[in-house]
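A.B. asks: Take this structure, written in structure tokens, and hold onto it; I'll ask about it next.
Coordinate-derived values only; no laboratory data. Small disclaimer: the values here were computed from a predicted structure and weren't measured.
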Amino acid sequence: MEPEKKSNGAFVGLVVIIIILVVGGIYIWQSSQKEKTVTNQDAAVLDSLQLDAETTDTDTGVDVNTID
């Protein structure tokens, strides 16, 4: 009788899955490590929006305490 040949398919599949998980983990870790910087142009736009929000008249003339 010939000895049975062992298949390494399950082992190779496991190694591939582990490599994919490690690469994905490194990718997520690196993407969360990037600093989010605000440029001068972004800061100017944000300041402009803040100024617009502060000068906008939001008075509706409705007293919230009288609404049932």
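A.B. asks: Compute the angle between helix 40-55 and the longest alpha-carbon principal axis of the chain, please, reported from 0 to 90 degrees and rounded to the nearest 10.
C.D. replies: Orientation of helix 40-55: about 40 degrees from the principal axis.
A.B. asks: Subtracting the Cα-Cα distance from 0.36 nm times the residue separation, let me have the gained length for V64 to E4 in nm, one decimal.
C.D. replies: Extra length available between V64 and E4 comes to 13.4 nm.
A.B. asks: With semi-axes √(5λ) of the Cα gyration tensor in Å as the read-out, I listed (i) 39, 20, 7; (ii) 17, 15, 10; (iii) 63, 23, 7; which label goes with the value calculated from this structure?
C.D. replies: So the calculated entry is the one marked (iii).
A.B. asks: Based solely on its DSSP helices, what 222 nm [θ] is calculated for the chain when runs of n ≥ 4 H residues each add -39,500 (n - 2.57) and the sum is averaged over all residues, nearest 500 deg cm²/dmol?
C.D. replies: -21000 deg cm²/dmol
A.B. asks: Continuing with the same structure: Using only the alpha-carbon atoms, how far is helix 9-33 inclined from the longest principal axis of the chain? Give it as 0 to 90 degrees, nearest 10.
C.D. replies: Result, in degrees: 20.
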